[in-house]
Amino acid sequence: MPNWRTSTYTKSDSCVEVADNDPSQVLIRDTKAREGAVLAVPSASWAEFVEYSKTFTV
């Protein structure tokens, strides 16, 4: 069963949720459409994306 969570940086419910409690994949969904589509990506790809996103400053 997915353990959905949002980022601690989230200031509203207009974002994405991730479930990363499965070692083989990370699930991603829109908080505004929780019953809608879910994107599944390999855990290694998600880790690369997260590291890449840290190179940007906001």
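The values are calculated or read from the model by the stated rules, or taken from the named source; none is laboratory data. Computed from a prediction, not measured in an experiment: that's the story for all the values here. Methodologically, a virtual Cβ is constructed for each residue, glycine included, from the backbone with ideal geometry; neighbour enumeration extends over all protein chains shown. For the accessible areas, the whole protein counts, side chains as well, though only heavy atoms, and no ligand, DNA or RNA atoms are used. Shrake-Rupley method; radii C 1.70, N 1.55, O 1.52, S 1.80 Å.
Give all pairs with beta carbons closer than 9 Å in which a residue from the range 39-51 that is under 10 Å from Ile28 (Cα atoms) meets a residue that is assigned to a helix (DSSP H, G or I) and open to solvent by 60 Å² or more (accessible area, probe 1.4 Å); count only pairs at least 6 apart in sequence or on separate chains.
Pairs found: Val41/Phe49.
If you check Arg29 against the conditions, is it open to solvent by less than 60 Å² (accessible area, probe 1.4 Å) and out of contact with any helix residue (DSSP H, G or I) (no Cβ under 6 Å at 6 or more places or on another chain)?
Here the answer is yes, as Arg29 does meet what is asked.
Quick one: which of Thr6, Thr10 is in contact (Cβ under 8 Å) with a residue 24 or more places away in the chain, β-branched (Val, Ile, Thr) and open to solvent by less than 80 Å² (accessible area, probe 1.4 Å)?
Only one candidate qualifies: Thr6.
Given Ala44, Ala37, Ala19, which one is modelled with pLDDT of 90 or more and open to solvent by less than 60 Å² (accessible area, probe 1.4 Å)?
Ala19
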